[in-house]
Amino acid sequence: MRPRQRGQNPGQNIVFTGDYGSWDEAMHSSTGYDAGVILEKTCAALLKVKNGEATFERDSVLFDKIQHAFPVLAGLLRAAQAHDGRLCVVDFGGALGSSYFQCRGFLQVVRRLEWLVVEQTAHVACGRKNFASEQLRFYNTAEESLTGHHPNALLLSSVLQYLPNPYEVLQKLLSHRISHVIIDRTAFLAGGRERLTVQHVPDSIYPASYPAWFFSETKFTATIESAGYTLVADFPGTDDISPEGEQAHFKGFVYERRGG
């Protein structure tokens with residue numbers, strides 16, 4: 001669904017520019033995030049992880065050690081514990097399963113694991129060809145992923161800010177009443193307003209630029225809570241990048257649906 005840039009030095013050479021009035025305007029000033037080079041580099045890197053040639057991949061960059069997202073793991077294990085050790089994750093915008101490969105070592109303790117990635121068509125085709133397994137599946141829509149599955153965790157990691165209509169998508173996802181919602185690496189402006197920028201990725205990762213939102217945390221959390229969810233915990237994100245001229249922060253949340 002989106003590329004998630006972060007290399008060996010967090011935020012190095014990544015720049016957010018502009019304050020655009022519309023998604024079309026921001027798209028006109030960028031190359032877009034469906035560029036083939038993004039998928040190609042991500043697939044090549046993750047194949048090395050799958051084949052044991054590398055330990056961990058994120059944003060097409062390879063690492064020699066897994067950088068565990070412990071708050072995300074805590075949310076996932078909480079969902080599993082609440083459902084007798086069963087964990088079925090809808091990973092919306094989950095690329096080729098990067099978070100699955102990042103988390104699977106810790107999740108070996110769950111009784112049953114299903115990881116359902118929802119992505120763009122080209123990513124789904126690549127995922128099904130190269131990475132699908134009994135645990136890891138790929139789907140074109142959230143609705144398709146629900147067929148024959150009963151998810152108890154929704155993972156939104158660095159995805160909503162790369163969508164033209166993030167609140168509409170968020171509300172639709174929440175309408176499925178998945179019991180636990182885990183959000184990670186999501187961008188907010190310190191001043192509380194919202195801003196549409198263009199994110200420029202260094203050529204060392206891949207040459208690309210695409211629209212990116214910085215949200216109002218107040219509006220964002222109110223949207224989730226109004227859908228029937230209660231905050232379990234929030235936590236700082238690993239990214240630390242601000243758009244030109246303003247302060248921002250990245251953050252994550254674990255929510256639980258009221259009444260289970």
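The values are calculated or read from the model by the stated rules, or taken from the named source; none is laboratory data. Treat the numbers as computed from the prediction; the structure is a model and nothing was measured. A quick note on method: Cβ atoms are made from the backbone with ideal geometry, for glycine too, and the neighbour counts reach across all protein chains shown. When the accessible area is computed, the model is the full protein with side chains, heavy atoms only, and any ligands, DNA or RNA have been set aside. Shrake-Rupley method; radii C 1.70, N 1.55, O 1.52, S 1.80 Å.
Just a few scattered comments:
- The chain - accessible surface per residue (Å², probe 1.4 Å): 43
- For the chain, the fraction of 1.4 Å probe accessible surface lying on carbon and sulfur atoms is 49 percent.
- A simple charge model with +1 on the Cβ of Lys and Arg, -1 on the Cβ of Asp and Glu and nothing else charged puts the dipole of the range 128-238 at about 120 debye relative to its Cα centre.
- Using a cutoff of 8 angstrom between alpha carbon atoms and counting only pairs six or more residues apart, the relative contact order for the chain works out to 24 percent.
- Among [x] 48, 44, 30; [y] 58, 46, 34; [z] 70, 59, 48, the entry derived from the coordinates for Cα extents along the principal axes in Å: [x]
- Net lengthening on full extension, T230/A190 (0.36 nm per residue, minus Cα-Cα): 12.1 nm
- Straight-line cross-link partners of K251 among the aspartates and glutamates, defined as a Cα under 12 Å from its Cα and at least 8 positions apart when in the same chain: D184, E217, D234, D239, D240.
- Placing unit charges on each Cβ (+1 for Lys and Arg, -1 for Asp and Glu) gives the chain a dipole about its Cα centre, and among V254, Q81, S209 the Cα reaching farthest toward its positive end belongs to Q81.
- Springs between Cα atoms under 10 Å define the GNM used for the chain, and in it the highest mean-square fluctuation of V37, V159, V49 occurs at V37.
- Positive-end extreme of charge dipole, the chain - chosen from F63, M27, S242 (charges on Cβ): F63
- Candidate lysines - alpha carbon under 17 Å from K65, same-chain residues fewer than 8 apart omitted: K48, K50
- Area accessible to solvent at Y206, 1.4 Å probe radius, in Å²: 0
- For the range 160-220 and the range 79-102, distance of Cα centres in Å: 20
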